[in-house]
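Asker: Here it is, the structure in full.
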Amino acid sequence: MALDKNGIARRIAQELRNGWYVNLGIGIPTLVANYIPDGIDVEFQSENGILGMGPFPFEGEEDADLINAGKQTITALPGASLFDSATSFGMIRARKVQLTVLGAMEVSDRGDIANWKIPGRMVKGMGGAMDLVASAERIIVAMQHSNREGESKLLSACTLPLTGVGCVKKVVTDLAVLDIDPERGFILRERAPGVSIDEIVAKTAGRLVVEGEIPEMSL
Amino acid sequence: MALDKNGIARRIAQELRNGWYVNLGIGIPTLVANYIPDGIDVEFQSENGILGMGPFPFEGEEDADLINAGKQTITALPGASLFDSATSFGMIRARKVQLTVLGAMEVSDRGDIANWKIPGRMVKGMGGAMDLVASAERIIVAMQHSNREGESKLLSACTLPLTGVGCVKKVVTDLAVLDIDPERGFILRERAPGVSIDEIVAKTAGRLVVEGEIPEMSL
Amino acid sequence: MIRKVVANADVALEGIQDGMTLMVGGFGLCGIPENLIAALRQRGTRNLTCISNNAGVDGFGLGLLLETRQIRKMISSYVGENDEFERQMLSGELEVELIPQGTLAERCRAAGAGIPAFYTPAGFGTEVAEGKEIRMFGGKPHLLEHAFDADFALVKAWKGDEAGNLIFKGTARNFNPMMAMAGRITIAEVEELVPAGTLDPNSIHVPGIFVHRIFQGGHFEKRIEQRTVRPRA
Amino acid sequence: MIRKVVANADVALEGIQDGMTLMVGGFGLCGIPENLIAALRQRGTRNLTCISNNAGVDGFGLGLLLETRQIRKMISSYVGENDEFERQMLSGELEVELIPQGTLAERCRAAGAGIPAFYTPAGFGTEVAEGKEIRMFGGKPHLLEHAFDADFALVKAWKGDEAGNLIFKGTARNFNPMMAMAGRITIAEVEELVPAGTLDPNSIHVPGIFVHRIFQGGHFEKRIEQRTVRPRA
């Protein structure tokens with residue numbers, strides 16, 4: 001059965017390694033913070049200027065001066081630090097953040113990503129996404145395998161305006177975990193529980209490599 | 001009579017205007033802080049990272065963590081701020097410092113300055129001088145009119161390796177105050193008390209313009 | 001000491017004219033110069049270009065200046081939590097230039113640091129790169145980006161002193177420090193204005209040299225855009 | 001929280017090898033990593049390239065590593081309050097590259113901010129400009145300068161916490177923050193190491209993400225180069 005949003009987040013959380021600084025985008029990526037494995041210490045960076053971001057505040061303890069990049073009220077954990085936007089993107093560009101998780105509208109089998117603009121619709125802007133994808137050494141895209149029209153979001157080439165080129169290394173969808181090898185395309189690594197390889201093949205428009213045993217995710 | 005070092009500093013202090021931030025180099029320039037005219041509020045910047053630098057500390061109150069760019073122990077006045085070297089040179093390059101006073105070995109009649117290197121001798125380095133002269137909107141050079149060998153330091157072209165080109169606007173020496181007009185050369189503005197125009201002409205190797213009445217400095 | 005205190009927001013805005021370019025601090029509604037925006041609306045200055053990460057919401061932040069059509073152009077990284085903004089943009093009344101957030105921040109920082117231009121990897125291969133010089137560094141393509149040039153910067157700090165020194169609180173810092181450093185004339189409104197010598201000189205976020213005018217804001221609403229809380233266990 | 005605490009200077013230096021490039025914080029003898037320099041001397045690592053504004057004095061600061069001939073090359077803005085330095089430089093044993101101080105600071109800052117290159121006016125028309133690209137911005141010539149690339153950065157802070165957050169005191173800040181941000185591996189020695197949550201998160205000068213190893217220094221001499229005082233009135 002296809003994963004729900006929390007399932008995708010839970011699977012991505014398994015990728016966390018001890019000592020990593022992590023930037024989580026808006027939407028599914030934000031949920032990853034709820035599933036940090038035991039024994040793993042990570043710190044969350046939000047590009048509006050905080051490291052050591054904690055959970056939402058208790059009711060009545062919201063502080064208008066403490067928000068995340070999604071403009072949600074948050075808290076700061078012990079050891080947190082606050083800084084300006086130039087320093088924040090400085091640490092992003094200088095690759096001090098080990099993992100960036102973000103959503104996407106389309107991903108290509110060469111690692112291109114499109115997630116900021118749909119021609120003809122109101123364009124809200126790229127925010128920090130272009131900076132993040134241009135610099136992060138490790139980007140995981142969290143998204144549905146298909147869009148609302150049932151079309152694959154894993155393509156041979158993005159049709160929408162790009163956010164970045166050749167930057168995505170791993171995609172976790174409701175159906176599968178896939179690595180991206182720019183030479184070969186999407187490499188199928190794991191299936192969602194109960195999802196068949198055939199379904200994944202059918203719903204992946206870009207080049208897909210299926211090699212050997214493809215295990216089910218263990219969540 | 002030619003001015004002594006304190007006289008040069010005293011004359012330069014008359015150039016201070018209310019509300020200016022000022023960077024004083026090592027040597028004669030440092031003495032300018034002792035002659036701030038009444039009613040003039042200025043703040044001193046030292047490029048190693050302080051604004052609002054105060055006088056030397058009282059004996060026993062020296063703090064190894066509070067020095068100026070000449071590595072002398074200093075104090076901080078109320079309203080002072082401390083910052084890193086990147087911010088310090090940021091404010092210099094962004095022209096937030098209204099006046100820079102520094103010494104020189106040679107100045108040309110086009111405003112070039114040489115003050116960091118003598119070929120054949122041990123070279124200590126340019127420190128912050130190249131950044132200061134490249135960016136300051138207002139540079140006053142404080143120096144002796146002639147070197148120890150009796151040769152003019154005001155030349156048609158510098159013979160020593162340059163610190164900056166076309167940047168000096170005013171020179172105050174033991175003999176005179178001179179503006180620099182790159183088209184015309186040194187423009188004589190004032191004579192030190194008792195110093196003749198003839199002496200200044202004789203000791204100025206670069207182009208010198210003497211127009212109209214040349215008053216004595218009032219100190 | 002050089003004193004920077006002015007009486008209020010209206011006095012602080014002296015010299016702001018139609019057609020000028022302003023930087024306006026804040027991220028969403030967090031850390032925006034509320035009092036200056038209100039005073040600017042009162043003054044009615046028009047045809048403004050605003051460099052600001054976001055464009056406020058309907059009825060608050062820069063949304064207030066959009067309502068009165070005082071803004072001709074927005075330079076931002078993310079916009080559109082704002083119906084009036086969308087209407088003006090789609091109708092062509094409002095020009096919008098979208099810039100990656102890190103590039104926006106660095107172009108402000110560059111202006112305040114006297115760096116006219118720099119290279120950044122952000123936006124390579126996207127429409128942001130169109131018309132820009134591309135150069136390889138370390139085997140990776142980068143775009144040449146330029147420092148902003150703003151007539152005024154309007155920023156909001158938590159505490160400030162008479163000498164113009166600023167301290168920010170929490171994530172209300174965001175773009176405010178770089179914009180404060182970048183403006184030809186920088187105006188800071190603060191929640192608390194204190195005498196010089198009160199703030200720890202080690203803890204100043206923006207040295208007073210960058211701030212030309214400072215005043216204590218009369219009223220701060222500090223609206224929250226997304227109030228998220230967790231249940232008490 | 002990610003813990004960065006190591007036991008002492010010697011443990012902190014693990015991985016430093018002959019021939020590496022190090023950034024070393026401080027201005028003159030102010031804010032130098034005394035304990036790390038001492039430990040580095042003990043280790044005897046050789047052929048080092050040191051990026052540091054100055055080169056210490058005879059018998060203190062980087063002068064200690066010059067005595068033992070561990071430094072092959074210095075990249076500095078001002079040197080030579082140091083007889084041994086002068087001797088090695090004149091004899092050709094020591095290579096010296098002199099860089100304008102602001103350019104030195106900005107090349108560190110660029111490294112920590114992921115900016116590979118930038119333009120600065122400093123040095124135009126001088127021998128510093130030789131071989132560099134020159135470009136006009138705003139009618140004024142600028143030089144293209146590149147970010148440094150250092151294997152390790154050794155810095156000294158006043159206070160630090162377990163998460164690697166750093167706070168500096170006075171003008172001992174100088175190059176330390178930018179170097180801390182620039183090192184591939186950054187080691188910070190602090191006068192006082194405190195538990196996470198002790199320092200005000202608003203007042204951190206270097207966020208812990210930039211610091212890989214931190215320890216409390218065992219001994220700080222904090223020598224003064226020019227003791228200047230005024231008489232009591």
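Here, each number is a calculation from the coordinates, and none is a lab measurement. Being a predicted model, the structure only gives us computed values, none of them experimental. Ideal geometry is used to build each Cβ from the backbone, glycine not excepted, and the neighbour counts take in all protein chains shown.
Asker: C:Gly164 - would you say it is more than 16 Å from C:Gln216 (Cβ to Cβ), touching a residue at least 60 places away in the same chain (Cβ under 8 Å), surrounded by 24 or more Cβ atoms within 10 Å (Cβ to Cβ) and more than 7 Å from every other protein chain (Cβ to nearest Cβ)?
Answerer: No; evaluated as a whole, the condition is false for this residue.
Asker: What number of residues in the range B:68-86 are in contact with a strand residue (DSSP E or B) (Cβ under 9 Å, 6 or more places away or on another chain) and part of a helix (DSSP H, G or I)?
Answerer: The qualifying residues number 1.
Asker: Give the residues of the range D:52-77 that are touching a strand residue (DSSP E or B) at 6+ places or on another chain (Cβ under 8 Å) and either among the aromatic types (Phe, Trp, Tyr) or closer than 24 Å to B:Ala129 by Cβ (or both), sorted by residue number.
Answerer: If the condition is that a residue be touching a strand residue (DSSP E or B) at 6+ places or on another chain (Cβ under 8 Å) and either among the aromatic types (Phe, Trp, Tyr) or closer than 24 Å to B:Ala129 by Cβ (or both), then D:Ser52, D:Asn53, D:Asn54, D:Ala55, D:Leu62, D:Gly63, D:Lys73, D:Met74, D:Ile75, D:Ser76, D:Ser77 are the ones that fit.
Asker: Any residue at all in the range C:5-19 that's within 14 Å of chain B (Cβ to nearest Cβ) and either out of contact with any helix residue (DSSP H, G or I) (no Cβ under 7 Å at 6 or more places or on another chain) or surrounded by 24 or more Cβ atoms within 10 Å (Cβ to Cβ) (or both)?
Answerer: Yes, the range C:5-19 contains a residue that is within 14 Å of chain B (Cβ to nearest Cβ) and either out of contact with any helix residue (DSSP H, G or I) (no Cβ under 7 Å at 6 or more places or on another chain) or surrounded by 24 or more Cβ atoms within 10 Å (Cβ to Cβ) (or both).
Asker: While we're looking at this one, here's another question. If you check D:Val96 against the conditions, is it at the interface with another protein chain (Cβ under 10 Å from one of its Cβ atoms), closer than 25 Å to D:Asn47 by Cβ and touching a helix residue (DSSP H, G or I) at 6+ places or on another chain (Cβ under 8 Å)?
Answerer: Yes: the conditions hold for D:Val96.
Asker: Answer with yes or no whether C:Gly112 is over 22 Å from the mean Cα position of the chain (by Cα) and either within 14 Å of chain B (Cβ to nearest Cβ) or farther than 16 Å from C:Asn53 by Cα (or both). Give the derivation first.
Answerer: Values: over 22 Å from the mean Cα position of the chain (by Cα): no; either within 14 Å of chain B (Cβ to nearest Cβ) or farther than 16 Å from C:Asn53 by Cα (or both): yes.
For C:Gly112, the condition - over 22 Å from the mean Cα position of the chain (by Cα) and either within 14 Å of chain B (Cβ to nearest Cβ) or farther than 16 Å from C:Asn53 by Cα (or both) - is not met.
Asker: In the range D:133-167, which residues are closer than 30 Å to A:Glu43 by Cα and touching a Phe, Trp or Tyr at 6+ places or on another chain (Cβ under 7 Å)?
Answerer: D:Ala157, D:Trp158, D:Ile167
Asker: While we're looking at this one, here's another question. Mind listing whichever residues of the range D:117-134 are in contact (Cβ under 8 Å) with a residue 24 or more places away in the chain and under 18 Å from B:Gly125 (Cα atoms)?
Answerer: To start, the set of residues in the range D:117-134 that are in contact (Cβ under 8 Å) with a residue 24 or more places away in the chain comprises D:117-120, D:128.
Hit for the range D:117-134 is D:Val128, nothing else.
Asker: Continuing with this model, one more query. I want to confirm something. Restricting to the range C:187-206 and keeping residues that are within 16 Å of C:Asn174 (Cα to Cα) and not acidic (Asp, Glu), which single residue is nearest to the other protein chains (Cβ to nearest Cβ)?
Answerer: Out of the qualifying residues, it is C:Ile204.
Asker: Residue pairs, Cβ under 7 Å, 6 or more apart or interchain, first in the range C:135-155 and closer than 16 Å to C:Ala117 by Cβ, second among the aliphatic types (A, V, I, L, M) and in a loop (DSSP other than H, G, I, E, B). List them.
Answerer: The qualifying pairs are C:Ala147/C:Ile115.
Asker: Continuing with this model, one more query. So how many residues does the range C:206-233 have that are within 16 Å of A:Ala64 (Cβ to Cβ) and part of a strand (DSSP E or B)?
Answerer: Residues meeting the conditions: 1.
Asker: C:Lys132 fails exactly one of the following numbered conditions: (1) within 24 Å of D:Ile204 (Cα to Cα); (2) among the basic types (Lys, Arg); (3) more than 14 Å from chain B (Cβ to nearest Cβ). What is the number of that condition?
Answerer: (1)
Asker: While we're here: If the requirement is being farther than 29 Å from A:Gly52 by Cα and either among the aliphatic types (A, V, I, L, M) or surrounded by 22 or more Cβ atoms within 10 Å (Cβ to Cβ) (or both), which of these qualifies: A:Val141, A:Val165, A:Val172?
Answerer: Unique residue meeting the criteria: A:Val165.
Asker: Okay, moving on. Checking C:Arg109 against (1) assigned to a strand (DSSP E or B); (2) in contact (Cβ under 8 Å) with a residue 24 or more places away in the chain; (3) of a type in the set (D, E, K, R): exactly one of these is not met. Which one?
Answerer: (1)
Asker: Taking into account only those residues within the range B:54-90 that are within 11 Å of chain C (Cβ to nearest Cβ) and touching a Ser or Thr at 6+ places or on another chain (Cβ under 7 Å), which is surrounded by the fewest Cβ atoms within 10 Å (Cβ to Cβ)?
Answerer: B:Gly54
Asker: If you don't mind, there's one more thing I want to ask. Across the range B:10-29, which residue is farthest from C:Arg213 (Cα to Cα) among those that are part of a helix (DSSP H, G or I) and touching a strand residue (DSSP E or B) at 6+ places or on another chain (Cβ under 7 Å)?
Answerer: Among residues in the range B:10-29 that are part of a helix (DSSP H, G or I) and touching a strand residue (DSSP E or B) at 6+ places or on another chain (Cβ under 7 Å), the one farthest from C:Arg213 (Cα to Cα) is B:Ile28.
Asker: While we're on this one: Among the numbered conditions (1) under 16 Å from the mean Cα position of the chain (by Cα); (2) more than 19 Å from D:Ala172 (Cβ to Cβ); (3) touching a residue at least 24 places away in the same chain (Cβ under 8 Å), tell me where B:Pro37 comes up short.
Answerer: (1)
Asker: Only one residue in D:Phe85, D:Phe118 is within 14 Å of chain A (Cβ to nearest Cβ), surrounded by 24 or more Cβ atoms within 10 Å (Cβ to Cβ) and among the aromatic types (Phe, Trp, Tyr). Which one?
Answerer: Details: D:Phe85 fails: within 14 Å of chain A (Cβ to nearest Cβ).
Exactly one residue qualifies, and that residue is D:Phe118.
Asker: Does B:Ile180 meet the test of being closer than 18 Å to B:Ser218 by Cβ and touching a residue at least 12 places away in the same chain (Cβ under 8 Å)?
Answerer: no
Asker: Of everything in the range C:70-102, what is free of Cβ contacts under 8 Å to residues at least 60 places away in the same chain, assigned to a loop (DSSP other than H, G, I, E, B) and of a type in the set (Asp, Glu)? Give them in sequence order.
Answerer: Across the range C:70-102, the qualifying residue is only C:Glu93.
Asker: Here is a check on your reading of the model: is C:Arg223 in contact with a Pro (Cβ under 6 Å, 6 or more places away or on another chain) and either surrounded by fewer than 24 Cβ atoms within 10 Å (Cβ to Cβ) or among the basic types (Lys, Arg) (or both)?
Answerer: Working: in contact with a Pro (Cβ under 6 Å, 6 or more places away or on another chain): no; either surrounded by fewer than 24 Cβ atoms within 10 Å (Cβ to Cβ) or among the basic types (Lys, Arg) (or both): yes.
When the stated conditions are applied, C:Arg223 does not pass them.
Asker: Spot the failing condition for B:Ile197; the list is (1) among the β-branched types (Val, Ile, Thr); (2) surrounded by fewer than 18 Cβ atoms within 10 Å (Cβ to Cβ); (3) in contact with a Phe, Trp or Tyr (Cβ under 8 Å, 6 or more places away or on another chain), and only one is missed.
Answerer: Of the numbered conditions (1) among the β-branched types (Val, Ile, Thr); (2) surrounded by fewer than 18 Cβ atoms within 10 Å (Cβ to Cβ); (3) in contact with a Phe, Trp or Tyr (Cβ under 8 Å, 6 or more places away or on another chain), the odd one out for B:Ile197 is (3).
Asker: Applying the selection to the range D:115-155, what residues are over 24 Å from the mean Cα position of the chain (by Cα) and of a type in the set (A, V, I, L, M)?
Answerer: The answer is D:Ile134, D:Met136.
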